[in-house]
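The values are calculated or read from the model by the stated rules, or taken from the named source; none is laboratory data. Quick caveat: nothing in here was measured; it's all calculated off a predicted structure. Note that we place each Cβ from the backbone using ideal geometry, even for glycine, and neighbour counts take in every protein chain shown.
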Ligand SMILES: Cc1ncc(COP(=O)(O)O)c(C=O)c1O
């Protein structure tokens, strides 16, 4: 079940297996460049030669600086972005090459500036917090509900947002993450209506939702549900290159010029034409074949879920979830997800995430039903070998701590710092973003009061094998704090 099971065809014979180039201008331009013997006196420095560093640079075609019809150039990117905007019904689409991370930075700066308040769901990814640092905005945190059966976030209640908006009617935007990392969804239409009643935009980090809306069993796309800015990773749920992302914007509550200015400020001037063309290709594929490709994978994932449940293994199921997100809950059978992951790794199977209580094999419509069935067999085998005493549901650190903002994320981020022992850090103001990864949701962020509860939750995550990311000392023996 290696990666090569997909077929180890060469670049030459797989340029356009689904016949997409006629409706995908960047893909068409990429193929034409690949087929043309050019003499590039421009970057990238490899000049297309594969006899130096090898096939690693094959197909790496840059964006030409000037506008050229039928070449990967700014005017053709605009054309491809317009096709994407039309498909999703947006006023504007921008393709990015720094993942949803880069797009989130731009999105936050597009809606908030220095000292502006924004209402933010605390389950948001670290990149949104970096966006707050860039913008100098002040977060008003709201917490999604935790499902007591799973210990994981279920949805952001409309009443929670309403209270936050009533308390902070001067907020400039609402930022939420939909679906959550574990595939659960809030009532986005109701949240959008409420947000709009305050005359401000709803920004949705939909990094995991690029496929939404392309099958009747999938949730509707957040843009169609009323969101104003939707950030998406094309590389997560669509067959695009790593780093590929796109943002969809509606102009009713968002100034498009300001959005473009922020987006342009955050992207490299040397974008990879290949990454951009892969977004264009995925858009054309979704438009033409989305439903037929997604259907068998939804059915296979549903069968997998049912089989896991027959073995008493918990899964996230029900309404308002992404049916392609297979979240397997191991406290229900007393198995340790780290051990299950190790066994799968030994069989050359890589998971999207694993910790003691949960594993998530990432499923997309690039999988096949046979591969999903095989994966589920192997997971059931492994879990059976590691069955143990049932554990109570524990709420992950990322979803349980109530943050207390003492100074703005930006002020803390750029402040001088002191390094103190974890015990001495209690009561001090945090100068780091401390995130168990995945999911990359900070337990403590820059400018927040460090509490014993937050540290205990982080220690528990660390001790159960979770990587603590983005900190100077990942053992958490010491923590960086603001000077007194
Ligand atoms: C909700 C969410 N937003 C944004 C990101 C960042 O996406 P990318 O890796 O495309 O930069 C992630 C990454 O996992 C994520 O889970």
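Could you pull out the residue among 113, 59 that is on the phi < 0 side of the Ramachandran plot and either out of contact with any strand residue (DSSP E or B) (no Cβ under 6 Å at 6 or more places or on another chain) or at pLDDT 95 or above (or both)? Spell out how you get there, then give the answer.
On the way: 59 fails: on the phi < 0 side of the Ramachandran plot.
On inspection, the qualifying residue turns out to be 113.
Consider segment 116-150. How many of its residues are in contact with a strand residue (DSSP E or B) (Cβ under 9 Å, 6 or more places away or on another chain), more than 16 Å from the ligand (Cβ to nearest atom) and not in a strand (DSSP E or B)?
6
Being assigned to a helix (DSSP H, G or I), away from the ligand (no atom under 16 Å from the Cβ) and touching a residue at least 40 places away in the same chain (Cβ under 8 Å): is that true of residue 162 here?
For residue 162, the condition - assigned to a helix (DSSP H, G or I), away from the ligand (no atom under 16 Å from the Cβ) and touching a residue at least 40 places away in the same chain (Cβ under 8 Å) - is not met.
Is there any pair with a first residue in segment 438-452 that is closer than 15 Å to residue 123 by Cβ and a second that is part of a loop (DSSP other than H, G, I, E, B) and more than 16 Å from the ligand (Cβ to nearest atom) whose Cβ atoms are under 7 Å apart and which are 6 or more apart or on different chains, and what are they?
443/401; 444/450; 445/403
Consider segment 62-83. How many of its residues are under 26 Å from the mean Cα position of the chain (by Cα) and closer than 21 Å to residue 15 by Cβ?
Number of matching residues: 6.
Only one of (1) at pLDDT below 95; (2) surrounded by 13 or more Cβ atoms within 10 Å (Cβ to Cβ) fails for residue 5. Which number is that?
If we test residue 5 against (1) at pLDDT below 95; (2) surrounded by 13 or more Cβ atoms within 10 Å (Cβ to Cβ), just (2) comes out false.
Would you check if residue 183 is outside the structural domain of residue 316 (by TED's automatic domain parsing), more than 28 Å from residue 136 (Cα to Cα) and modelled with pLDDT under 95?
no
If you go through segment 337-357, how many residues are under 18 Å from residue 396 (Cβ atoms), outside any helix (DSSP H, G or I) and touching a helix residue (DSSP H, G or I) at 6+ places or on another chain (Cβ under 8 Å)?
Of the residues in segment 337-357, 5 are under 18 Å from residue 396 (Cβ atoms), outside any helix (DSSP H, G or I) and touching a helix residue (DSSP H, G or I) at 6+ places or on another chain (Cβ under 8 Å).
What tally of residues in segment 406-454 results from selecting those that are farther than 25 Å from residue 118 by Cβ and under 24 Å from the mean Cα position of the chain (by Cα)?
Number satisfying all stated conditions: 0.
What pairs come up if the first residue lies in segment 195-208 and is in contact (Cβ under 8 Å) with a residue 12 or more places away in the chain and closer than 10 Å to residue 249 by Cα, the second is within 16 Å of the ligand (Cβ to nearest atom) and part of a loop (DSSP other than H, G, I, E, B), and their beta carbons are under 8 Å apart, counting only those six or more places apart or on different chains?
203/227
Residues are listed down the side, and each one gets a yes or a no for (1) touching a residue at least 12 places away in the same chain (Cβ under 8 Å); (2) closer than 23 Å to residue 250 by Cβ; (3) touching a helix residue (DSSP H, G or I) at 6+ places or on another chain (Cβ under 8 Å); (4) surrounded by fewer than 17 Cβ atoms within 10 Å (Cβ to Cβ):
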site: 75; (1), (2), (3), (4): no, no, no, yes
site: 85; (1), (2), (3), (4): yes, yes, no, no
site: 102; (1), (2), (3), (4): yes, yes, yes, no
site: 108; (1), (2), (3), (4): yes, yes, yes, no
site: 123; (1), (2), (3), (4): yes, no, yes, no
site: 127; (1), (2), (3), (4): yes, yes, yes, no
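Got a sec? Which of 421, 408, 382 is free of Cβ contacts under 8 Å to residues at least 60 places away in the same chain and farther than 22 Å from residue 474 by Cβ?
Matching residue, one of 421, 408, 382: 382.
Looking at 45, 66, which one is at pLDDT below 95, more than 16 Å from the ligand (Cβ to nearest atom) and farther than 17 Å from residue 175 by Cβ?
66
So is residue 464 closer than 26 Å to residue 333 by Cα, touching a residue at least 24 places away in the same chain (Cβ under 8 Å) and touching a strand residue (DSSP E or B) at 6+ places or on another chain (Cβ under 8 Å) or not?
Here the answer is no, as residue 464 does not meet what is asked.
Listed residues 294, 279, 275, 363; which is assigned to a helix (DSSP H, G or I) and within 19 Å of residue 219 (Cβ to Cβ)?
One residue alone meets the criteria, 294.
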